[in-house]
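So the structure is just underneath, and the comments pick up after that.
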Amino acid sequence: MSGATNASKHIEGFEDTVKDFWESRPRRPHQGRKLAGVAAGIGYRYGVDPVVIRVALVAMTIFGGVGISVYLLGWLLLPGEDDEVSAFEHLIGRGQSSVSKAFAVVLCLVLLPSFGWTFAGNWFDGGGFIGAALLVTALYLLHRSRGHLNRPAPVARMTAATGYDIHGGQTTPHGYAAAAAGTAQPGTAEAGSWDALGAAPLGWDLPAPPSVPEPPAPAPPEPRRPRSKVGLATFGVALAVGSVGAAIAANDGGWFTAAHVLGLVLGVLGTGLVVGSFLGGGRGLVWLAAPLAAAALFLTTVPFDNFRGGMGNLEDRPTTAAEVEPVYERTAGQIELDLRQLAESEEPVRTTVRVGTGDVTVLVPRTADVSYTCDVGMGNYDCFGRNRSGIGTEPLRGFDPGPDGPGGQRITLNVEAGAGNLEVSRG
């Protein structure tokens, strides 16, 4: 960024680090930005590839949702490349910013529900707090170790007394009249010389305008780094790890499941991205890591090894306790189990209904006494009016005797859905 310096500054302790970070916080550049320039500004400020910052924010958005809140905070609190202050400071009248006050208000309004969504506890319980702590710690360590790099130069403000914009290098002095063409030079008029305006000769001896410093010469472009081989080397190692892991998993490798193999490959790609951010190169690994991360998240959340029964839809409407199967399951599809036509008897009914990917609906008699366990890996469930949604939520257990109270048909349900929607109700 223009105007950046690499002047070193001794930083002591936590408080000194926080103050120095605020004084020399990153500026959102005009070039290299994808949206507001938050990731690009942080990357340029600390000499880290902005792609790594973007990947971290996306990862924190998926696992906990904090990435969106952090980006909005950066948009509000990090000034633009040529701004005096940040958007929030401009909103409270501390200086000028390219972000209008109206848009700053919009950012504040969007930030409030973003914080609520992040820290409400429905999305990876506790993940928002963990993600925020990790990001703050990473930023603190970055400033401690690399805070001397690319320190942004302060943006000069318009001086009200002289009317000079020092930052822009434009001189517009106020209160000085131009000398008429052909008149004597100020302070050098000879005695007896005729003055058309009838003014005293010394009246033209005006003070010289204040000198304006020349704008700093642009920094020479940095020499282009040689093409890095980090990306190619990382891809080769990741391919080898994935091939060996897949071969072991195909031969009942125990721990080596598909999710674990993907995790190993992502670990290699992540290491390559971090190394490449400092040495240059490896940016193309993001296009490989992103879909693999989504696949790993899906496989980790949905335990496919626990679901069998094939593909397709399954419907059953038993009328007696003997007709109720002990297990109803599908790997992918929809299951609807209607128990409302069960004849009342003293014999208890116990069954398990589960699907890997799809929806599950279980309807029970109006007067039945139902003990239930509802478990969804990723999705929504509604069990007798109790609702939850998200990823990795805790199983919901309970007992519902119906509107008539205890004393009806006893039914025990264990309902599971790896990814999808689950509903247990009285129809």
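The values are calculated or read from the model by the stated rules, or taken from the named source; none is laboratory data. All values derive from a computational prediction rather than experimental measurement. When we count neighbours, we look across all protein chains shown, and the Cβ atoms used for this are built from the backbone with ideal geometry, even at glycine. Side chains are part of the model used for accessible areas, which takes the heavy atoms of the whole protein and leaves out ligands, DNA and RNA. Shrake-Rupley method; radii C 1.70, N 1.55, O 1.52, S 1.80 Å.
Quick look at the values:
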item	result
Residues listed by number, segment 381-423, amide nitrogen under 18 Å from Asp316 label point at 7 Å toward C-beta	410-418, 423
Rg over Rh [alpha-carbon atoms, Kirkwood Rh] for segment 324-366	1.02
Accessible-area value, Phe21, 1.4 Å probe, nucleic acids and ligands omitted, Å²	50 Å²
At 1.567 mPa s and 4 °C, Stokes diffusion of segment 40-85 via Kirkwood alpha-carbon radius, µm² per second	115 µm²/s
Sum of side-chain charges, Val362 neighbourhood, beta-carbon under 9 Å (Lys, Arg +1; Asp, Glu -1)	-3
Sites Glu23 and Thr271 - FRET efficiency at Förster radius 30 Å, r taken between beta-carbons, to 0.05	0.35
Exposure of Thr271 as accessible area (Å², to 10), given a probe of 1.4 Å and all protein chains	80 Å²
Computed log₁₀ I(q)/I(0) - Debye formula, equal Cα scatterers, no solvent, segment 318-427, q 0.13, 0.16, 0.21 Å⁻¹	-0.43, -0.65, -1.07
Neighbourhood charge, 13 Å Cβ-Cβ cut-off, centred on Ala36 and excluding it, Lys, Arg +1 and Asp, Glu -1	+3
Loop-located GluC sites (Glu not before Pro) in segment 306-367, at most 15 other Cβ atoms within 10 Å (DSSP)	Glu344, Glu346
Distance-filtered residues of segment 310-347 - backbone nitrogen under 18 Å, label point 7 angstrom along Thr412 Cα→Cβ	321-328, 345-347
Sequence of Met378, Met311 from largest to smallest accessible area, 1.4 Å probe	Met311, Met378
1.4 Å probe accessible area per residue over segment 322-420, in Å²	45 Å²
